[in-house]
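The block underneath contains the structure these notes are about, expressed in structure tokens.
The values are calculated or read from the model by the stated rules, or taken from the named source; none is laboratory data. Quick caveat: nothing in here was measured; it's all calculated off a predicted structure. Glycine also receives a Cβ, built like all others from the backbone with ideal geometry; neighbour counts cover every protein chain displayed.
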Amino acid sequence: MMKMMISTLSVLGLIWGSCVEANAKAKLTVGVKPAVQKMSKYKTSGDLYPLNGPVIRVYSKDGKSYDRIANDNENLTYLVDVWASCNRKIRSFSLAINGAAKNVKHTSSKGKKVKKRMEKLKTPFTLPAISRTPVKACRKELEKRVSLGHKSRSAWMVSGFVVKYDNAYEAKVTGSCSAALGKGDFEVEKTALPVWIICEAVKGGQKPKPSKPNTGGSGSSPQIPSQIPSQSATTPKLMLSLKVAPKVAQKCPVGLKFTGKISSNRPGVIKYRIVGKDAPKAWQTPVKTVKFTKAGTKTLSSWTHSYHKPDMSGGLALKTPGVPTAIKGSARIVILQKPKGAKVMGGGVKYQIWCEGKPKRKAPVPRATRQN
């Protein structure tokens, strides 16, 4: 009898433990960091740069001062290490850089773990988030090296060099895993990525050759720019226009309707979104796509952004009690995919929101006239 009771209690304990495990809250951990790069020496300078970027190449058109980016019509490549683990099954795990994203597959433990692995992601050319442009970075580095006295300015221009900036881009991983009774977990982790700027060795102001020249097949000669049709020879341009109504809102909550247009001087596929910011946080629309079969103008899908009065209990208060204060907002069209080398212009708008109503201007006091 005693053995039967012990056996029954053991079975009940196993069942109870299984139930507890089934109802346990999901615990997810995700991670991302820059991967170790394979480096190569740049010509005779001895400076190192990665074989798998991100690398921006700058050259001099006149051979005297750096003034051009050579690869702004090419994709940038990024290498990062990612990993994730959860006590439940991982439902999703993705990597995103500069608006481009890819899914990372689960690798082991019945979908509960992503072993540390290197992921490569290519994105459209994007300027780094550093304190100066790549062109100015080369100019500043050139002045710095000349001031050391080891080489002259012309000698450095002939040999070329490489300068590295940290915290230039951002990589983000997003993961989710689920458990019973809605006790899922969602985690986001970010890391900063560097950029290498090659200040090209230039002789006579010649533009450096592309990293992967299109030779048109073995035995054939490269394409000559003069053989390209006149339409392709023109620089691709995108003109953006964004409007908001009302531009000055005098109540809360309020719906701000954004409308816009994109004009392109050549065919292509364009992906975009509208991003904005008004106190206390930023917002953005889903990614949209427009296709141009020829040069022209496309009207974008309208978007209504709802703004609600901030909760004053959270510490956000008016500057002066009883005096209406304007919430200043701004929005712009962000291009995520565009024709190679396309220059983007315009696309921003500013607006104001007066939750307590915009104060009326006081009528000017008439000046007293002098009587003789």
Fill in the blank from the handout: Out of (1) modelled with pLDDT under 90; (2) touching a Cys at 6+ places or on another chain (Cβ under 8 Å), the one Gly46 does not meet is (2)
Handout entry: Within region 108-151, considering residues that are among the polar types (S, T, N, Q) and surrounded by 13 or more Cβ atoms within 10 Å (Cβ to Cβ), the one farthest from Ser176 (Cα to Cα)
Key = Thr133
Practice task
Kindly establish whether Ala101 is among the aliphatic types (A, V, I, L, M) and free of Cβ contacts under 8 Å to residues at least 24 places away in the same chain.
Solution key: yes
Fill in the blank from the handout: Inside region 259-279, the number of residues satisfying the requirement of being within 16 Å of Lys243 (Cα to Cα) and either β-branched (Val, Ile, Thr) or part of a loop (DSSP other than H, G, I, E, B) (or both) is 4
Exercise for the section: Return yes when Ser131 is closer than 20 Å to Glu170 by Cβ and free of Cβ contacts under 8 Å to residues at least 12 places away in the same chain and no when it is not. Expected result: yes
Handout entry: Number of the exception - Cys138 against (1) in contact with a strand residue (DSSP E or B) (Cβ under 7 Å, 6 or more places away or on another chain); (2) outside any helix (DSSP H, G or I)
Key = (2)
Problem - From Lys115, Lys136, Lys164, Lys89, residue being over 30 Å from Thr289 (Cα atoms) and in contact with a Gly (Cβ under 6 Å, 6 or more places away or on another chain) - result: Lys89
